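Okay, so here's the structure we're looking at.
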Amino acid sequence: MALQQRVKLFLGIISMNSIKKRKPTRMCLSCRQRAIKKTLVRLQQSENGILSYQGVGRSFYICHECINNEKKIKGLTKRFKQDKERFIKFLKELVKNG
Ligand SMILES: [Zn+2]
């Protein structure tokens with residue numbers, strides 16, 4: 001540990017937790033549970049409907065649990081005015097392809 005970090009830790013400016021590398025977490029749009037970014041699917045809403053994240057624009061995350069939960073998906077299709085069958089297929093493909 002760098003001396004500067006040690007001093008800050010001693011003075012209580014930073015906590016041990018902030019020194020230990022924490023895995024980035026994101027919140028699932030549907031269930032609002034936080035999960036490690038890797039385990040979430042990143043999507044974005046566009047004029048043409050829901051897409052996988054294209055690198056620009058507003059994005060959101062859905063966890064795998066919600067993707068496999070028919071009720072949650074139903075809620076999302078309503079929310080984004082998607083065709084249910086198409087949306088489910090799209091999500092399943094995304095999960096399969098990682
Ligand atoms: Zn979820």
Sole exception among (1) out of contact with any strand residue (DSSP E or B) (no Cβ under 6 Å at 6 or more places or on another chain); (2) under 19 Å from P24 (Cα atoms) for S59, by number: (1)
When residues of segment 1-55 are limited to those that are outside any strand (DSSP E or B) and in contact with a Cys (Cβ under 6 Å, 6 or more places away or on another chain), the one farthest from K74 (Cα to Cα): C31
Qualifying residue in segment 83-98 (condition: free of Cβ contacts under 8 Å to residues at least 12 places away in the same chain, out of contact with any helix residue (DSSP H, G or I) (no Cβ under 9 Å at 6 or more places or on another chain) and either in a loop (DSSP other than H, G, I, E, B) or closer than 16 Å to K37 by Cβ (or both)): yes
Criterion: modelled with pLDDT of 90 or more and away from the ligand (no atom under 13 Å from the Cβ) - qualifying residue of I62, I88: I88
Within segment 49-82, tally of residues that are surrounded by 13 or more Cβ atoms within 10 Å (Cβ to Cβ) and among the basic types (K, R): 2
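The values are calculated or read from the model by the stated rules, or taken from the named source; none is laboratory data. Quantities reported herein were computed from a predicted structural model and do not represent experimental measurements. Note that we place each Cβ from the backbone using ideal geometry, even for glycine, and neighbour counts take in every protein chain shown.
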